[in-house]
Amino acid sequence: MLDTLKVILFGIVEGITEWLPISSTGHMILLEEFITLDVRQEFWDIFLVVIQLGAILAVVWLNFNQLNPFAPSKSKEEKSETWMTWVKVIVGCLPAAVLGLLLDDWMEANLMNWFIVAIMLILYGIWFIWIENRHQNVQPRINSLAEMSYMDALKIGMFQVLSLVPGTSRSGSTILGATIVGTSRPLAANFSFFMSIPIMFGASALKLVKAFLDGFQFTASEVWLLLVGMIVAFAVSVLTIKLFLKYIKTNDFKVFGWYRIVLGIIVILYFLLF
């Protein structure tokens, strides 16, 4: 029962931080320092990745009609535009997918620690504030997916590569990249969310395949904990995404930059002092 309550907390944190540019992986690693589950280390490594499936299903659910090229209500032209959206999403995902496959084991062994997380929180917090100040009076040249070129999508995808480092934030790096490329804030957030679908499904599938090849088998209690975490992450993600998209229609991302800096400093002080 206690582990179920802990998993609910992890699901809440995942559902909030996955979509805000503040690093979900970083928050999960930091939360683990204070709250631990009574589970095998192998399961915990899988849990950190697979729980993201609940969060990503929220994006699919909220945007199902827009992302469904087979919707009977769509005209031939609308279906074609939907296919083009998916092509741009895939193009944007290619850089991170390739490097993620090549560097997955090395990053897990060398970068999953509080120091890297804290440094990335601070550096990207500063970068967010700087980019927002620089683009304060700049009008976006791309306000819809139809206006986005394949080269624009690829450039944004190159920024997503930065999110392979824990503490960086996948949504944060892609939103920053999209802003630099010239998209509006709402489009930057939406395209970031769409790009997360193949990336996060792929990461979860890769982790599960590796586990099964290594002979890992889930116990009934581990399956229960994974399902609870995914369901909570899904529900919280739906609410977070709606509120976040509403917020950025009239606000910039500076508050997230300041949050990252303050959190990064707190993390460094905590681990150095205690």
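Tabulated values for the structure
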item	result
Per-region count, the range 126-158, residues part of a helix (DSSP H, G or I), among the basic types (Lys, Arg) and either touching a residue at least 24 places away in the same chain (Cβ under 8 Å) or open to solvent by less than 10 Å² (accessible area, probe 1.4 Å) (or both)	1
Residue count, the range 244-274 (criterion: open to solvent by 70 Å² or more (accessible area, probe 1.4 Å) and within 16 Å of the chain's Cα centre (by Cα))	0
Every pair of residues 6+ apart whose Cβ atoms lie under 8 Å, when the first sits in the range 159-180 and is closer than 12 Å to residue 100 by Cα while the second is assigned to a helix (DSSP H, G or I) and charged (D, E, K, R)	160/170; 163/170
Residue 175, sole failed condition from (1) surrounded by fewer than 24 Cβ atoms within 10 Å (Cβ to Cβ); (2) under 14 Å from the mean Cα position of the chain (by Cα); (3) closer than 17 Å to residue 25 by Cβ	(1)
For residue 102: the one exception among (1) under 24 Å from residue 60 (Cα atoms); (2) open to solvent by 80 Å² or more (accessible area, probe 1.4 Å)	(1)
Residues being within 26 Å of residue 53 (Cβ to Cβ) and of a type in the set (Lys, Arg) - total across the range 231-274	3
Residue 175 vs. criteria assigned to a helix (DSSP H, G or I), closer than 25 Å to residue 116 by Cβ and of a type in the set (Val, Ile, Thr)	yes
Output for the range 187-241, where each listed residue is buried (at least 22 other Cβ atoms within 10 Å of the Cβ), without any contact (Cβ under 8 Å) to a residue 40 or more places away in the chain and either of a type in the set (D, E, K, R) or farther than 21 Å from residue 64 by Cα (or both)	none
Contacts under 7 angstrom Cβ, first residue in the range 106-123 being open to solvent by 80 Å² or more (accessible area, probe 1.4 Å) and at pLDDT 85 or above, partner among the aliphatic types (A, V, I, L, M) and part of a helix (DSSP H, G or I), 6 or more apart	none
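Here's the yes/no breakdown for (1) crowded, with 17+ Cβ neighbours inside 10 Å; (2) at pLDDT 90 or above; (3) at negative phi:
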| residue | (1), (2), (3) |
| --- | --- |
| 5 | no, yes, yes |
| 17 | yes, yes, yes |
| 26 | yes, no, yes |
| 34 | no, no, yes |
| 41 | no, no, yes |
| 51 | yes, no, yes |
| 55 | yes, yes, yes |
| 67 | no, yes, yes |
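The values are calculated or read from the model by the stated rules, or taken from the named source; none is laboratory data. This is a predicted model, so every value here is computed, not measured. As a convention, Cβ positions derive from the backbone with ideal geometry for all residues, glycine included, and neighbour counts pool all protein chains shown. Ligands, DNA and RNA are stripped out before the accessible areas are found, and what is left, the full protein with its side chains, is counted by its heavy atoms. Shrake-Rupley method; radii C 1.70, N 1.55, O 1.52, S 1.80 Å.
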